[in-house]
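Before any comments, here is the structure.
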Amino acid sequence: MTTVDSATLLKIHDLMVKNRLLEERLITMFKQNQGFFWIGGPGEEAFNIPLGLQVKKGHGLDYDYLHLHYRSSGILMAMGMDPMDAIRQMKNSALDPHSGGRNFAGHFSMRKWNVAPITSPIEVQYLVAIGTAIAQRDHGGTGITIVNGGDAGTAEGDFASCLVWASRPKQELPMLIIVTNNEWGISTSAKTQHGEKHIADRGNAFGIKTQVINGNDVNESFAAIQEAMHYVRTQRKPFLLEAKVSRLYGHSSASGGMFNPNEEDPLPLLQKKLIAANLLSAEAIETLRAKYEEELRLLADQVKTEPQPDPHSIYDFTYWQQQGKYW
Amino acid sequence: MATIAQAIRMALHYGEENLQLAHVFGEDVGLPLGGVFTATQGLKTAWNSPLDERGIIGAAIGLAMAGKRCVAEIQFCDYIFNAIDLLKLAGNTCWSTNGDWNLPMTVMTPVGSGIRGSLYHSHSFDAMMTHIPGWKIVIPSNPKDTYGLLISCLKELNPTMFLMPKAMMYLGGDELIPGEPASGLKALIDKPVDKAAAENWQPQWPPELTDYSVEIGKGKIVREGTDITVVSYGRTLPLCAKAADQLSQEGIKAEVIDLRSLWPYDWELISKSILKTQCVLYVNEDTEVTNFGEHLIRRTVDEFFYNLSAPPKLLAGAFIPGVGLAHSLEMASVPQLNNIVEAIRSVIASKV
Ligand SMILES: Cc1ncc(C[n+]2csc(CCOP(=O)(O)OP(=O)(O)O)c2C)c(N)n1
């Protein structure tokens, strides 16, 4: 297994702190009535940041397409997404570039980086991903399609569809299929619904390469993603990667958005290692935390001054480039 | 004269050669069958997908995102219902991203009764589909419009739904499609039924096919008249025209409009006609409750209440779970010529 070099580890740590504080800021905004609903990915940083850092970012078939779900802010932050834009979406600001104040927090869309719009219906992204992967299969090169989602959602037929389409004989798709398994679907424990040992095992029936990893371990995540991506990029075949992750603040604001001390937190895990390796001090970590906390607090203040969407805009963009009532 | 199935094939071929159409796919769409109605025979980009309607629509969305124009077929609209939230997704993608993404993609699917298809080969899809914003929806009733509407779909920058009235797939029209040879089309582009001949068969596409398009959103008057406006589309359209011809012998002059596009629809054309005739009958074969024709009636009443001299009427399919197989059941379930004739008479009779 490749080990992650110190500089990358520090970079990952920096982004993990920033991403965690962003999510915590969004939760605070919800609690302060600065947004109607929160859902996001605190607890998944040790997997999502290493993933985002290894995405081939850009527009068009030579770059990676991303079909993500609502816990993916870490991936996009690692790719360079401006946290202000996540705050704008939380506040449904008119300047929210992801949805113009139309969609929930964490429902990002960035066409310029091949990030397909994140949408609420569970699992449909595993179907849409088929299309970009077909286009990339035909195109060749090293661009791949990456799709992620939770464990409970894999009970939808769409997940099985994805495995079928990705492994059609001689027409395999260059697709990194990810399941982030936090062992919950809102309030339902995976143990009560799933008889399979690992979700990833379902790939075996299709001859798809699979791996189950501890997504709370940065080193393990980084290396597994690197290997899986290398395989998909070069072999032009699918890979099913299941990462065990934590759900640190419950499902969403609907379940209170409270910190859950029973879940393993990947951030202090990494920090302990960094301190033990003399790469960071407890003080430096605290300074970093304070810096991002302040930055994000200021952004949350700033967003309050932004306009809300114009009610006259409700019809806009029902069709491409269309503005105003269209019928 | 080309049939609707042949018109589809020729339009798709034209799209492959001239409009960057890169994928035509769905269940049994590629070799060896070329579609259950032969509508995709001989096309170089046609391929068979897994038997998975949700996957088919999802793949079409993804292809559109990747800049690859495609036509995805759902074998019968009776089997599109499990993909409705994918259709919703396609329809809301531009809107939900505030204009960031657009999806140039076409879905085509056979609709309606008329082949003794019983419960699951007789459904209509116009009422359901017109409930989904963000799509443009067309339904031709003759081969020339089929070609022209499909070409327009292939040029659209939004998702388009191409509904094919399945009872009419093998019917010819009375107008040549621009570029269509005056005779001998079948020998050129129909795959031979004989197995040996079919083996290495290649279509001989008419070389002169053109960009002929029918603008989405434009209806057409197929019979002019002054006594009543009859608005229809798809399988029931030629029946309305026939009814008008029959009634003209009694001195009733019905104006028949082929709507051709359900969204956007040609309200201007309908309005002008209603203002002239002062009464209207809407005819389609989808089930009558929350039917698209009910929307048209609502708008008619909203805008023309004081211009009407008779209550606007909708003639549609019975609100029952399916179309029964027996001839007697199918005839009683969806509008037939005699029902249309009667409905026209009853509207005229109720004129004040
Ligand atoms: C098709 C669909 N059904 C139900 C829901 C409501 N819902 C939202 S999240 C969720 C649980 C998803 O669990 P999982 O796939 O494990 O992802 P996680 O939220 O745990 O990351 C449900 C049932 C939905 N959004 N979409």
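The values are calculated or read from the model by the stated rules, or taken from the named source; none is laboratory data. All values derive from a computational prediction rather than experimental measurement. Every residue, glycine as well, gets a Cβ built from its backbone with ideal geometry; the counts of neighbours run over all protein chains shown.
Quick look at the numbers
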| item | result |
| --- | --- |
| Unmet requirement for A:ALA205, which otherwise passes all of (1) buried (at least 20 other Cβ atoms within 10 Å of the Cβ); (2) among the aliphatic types (A, V, I, L, M); (3) more than 16 Å from the ligand (Cβ to nearest atom) | (1) |
| Conditions (1) part of a loop (DSSP other than H, G, I, E, B); (2) modelled with pLDDT of 95 or more: number failed by A:ILE49 | (1) |
| Residue that is surrounded by 24 or more Cβ atoms within 10 Å (Cβ to Cβ), in a helix (DSSP H, G or I) and touching a residue at least 40 places away in the same chain (Cβ under 8 Å), where the choices are A:GLY153, A:GLY106, A:GLY149, A:GLY74 | A:GLY74 |
| Some residue of the range B:38-49 being over 27 Å from B:SER213 (Cα atoms) and within 10 Å of chain A (Cβ to nearest Cβ) | yes |
| Residues that are farther than 19 Å from A:ILE118 by Cβ, surrounded by 24 or more Cβ atoms within 10 Å (Cβ to Cβ) and facing another protein chain (nearest Cβ under 7 Å), drawn from the range B:50-59 | B:GLY55 |
| Selection from the range A:20-46 of residues that are away from the ligand (no atom under 16 Å from the Cβ) and either outside any loop (DSSP other than H, G, I, E, B) or surrounded by 24 or more Cβ atoms within 10 Å (Cβ to Cβ) (or both) | A:ARG20, A:LEU21, A:LEU22, A:GLU24, A:ARG25, A:THR28, A:MET29, A:PHE30, A:LYS31 |
| Meets criteria (in contact with a Cys (Cβ under 6 Å, 6 or more places away or on another chain), assigned by TED's automatic domain parsing to the domain that holds B:MET164 and part of a helix (DSSP H, G or I)) for B:ALA60 | yes |
| Meets criteria (facing chain B (nearest Cβ under 9 Å) and either in a helix (DSSP H, G or I) or of a type in the set (A, V, I, L, M) (or both)) for A:ILE134 | yes |
| Candidates A:ALA86, A:ALA160 - the one that is within 13 Å of another protein chain (Cβ to nearest Cβ) and modelled with pLDDT of 95 or more | A:ALA160 |
| Residue identified as at pLDDT below 95 and either within 22 Å of A:ASN219 (Cβ to Cβ) or within 12 Å of another protein chain (Cβ to nearest Cβ) (or both) among A:MET79, A:MET1 | A:MET1 |
| Count of the range B:260-318 residues which are in a loop (DSSP other than H, G, I, E, B) and touching a Leu at 6+ places or on another chain (Cβ under 8 Å) | 8 |
| Meets criteria (assigned to a loop (DSSP other than H, G, I, E, B), more than 15 Å from the chain's Cα centre (by Cα) and within 14 Å of chain B (Cβ to nearest Cβ)) for A:GLY141 | yes |
| Any hit, the range B:80-90, residues being under 22 Å from B:LEU150 (Cα atoms) and either charged (D, E, K, R) or in a loop (DSSP other than H, G, I, E, B) (or both) | yes |
| Extreme residue, nearest to B:LEU157 (Cα to Cα), among residues of the range B:78-115 that are within 7 Å of chain A (Cβ to nearest Cβ) and touching a residue at least 40 places away in the same chain (Cβ under 8 Å) | B:ASN102 |
| Residue that is under 21 Å from A:LEU53 (Cα atoms) and in contact with a Cys (Cβ under 9 Å, 6 or more places away or on another chain), where the choices are A:PRO268, A:PRO238 | A:PRO238 |
| Of the criteria (1) under 17 Å from the mean Cα position of the chain (by Cα); (2) crowded, with 24+ Cβ neighbours inside 10 Å, which one A:GLU123 fails | (2) |
| Residue in the range A:186-198 that is touching a residue at least 24 places away in the same chain (Cβ under 8 Å) and buried (at least 19 other Cβ atoms within 10 Å of the Cβ) present | no |
| The range A:164-182: number of residues that are surrounded by 22 or more Cβ atoms within 10 Å (Cβ to Cβ) and either away from the ligand (no atom under 16 Å from the Cβ) or within 13 Å of another protein chain (Cβ to nearest Cβ) (or both) | 6 |
| Filter result for A:ILE87 (assigned to a helix (DSSP H, G or I) and out of contact with any Gly (no Cβ under 6 Å at 6 or more places or on another chain)) | yes |
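Yes/no matrix, rows are residues, columns are (1) more than 10 Å from the chain's Cα centre (by Cα); (2) over 14 Å from A:PRO117 (Cβ atoms):
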{"position": "A:LEU53", "(1), (2)": "yes, yes"}
{"position": "A:HIS59", "(1), (2)": "yes, yes"}
{"position": "A:TYR63", "(1), (2)": "yes, yes"}
{"position": "A:HIS67", "(1), (2)": "no, no"}
{"position": "A:SER72", "(1), (2)": "no, no"}
{"position": "A:ILE75", "(1), (2)": "no, yes"}
{"position": "A:LEU95", "(1), (2)": "yes, yes"}
{"position": "A:GLY100", "(1), (2)": "yes, no"}
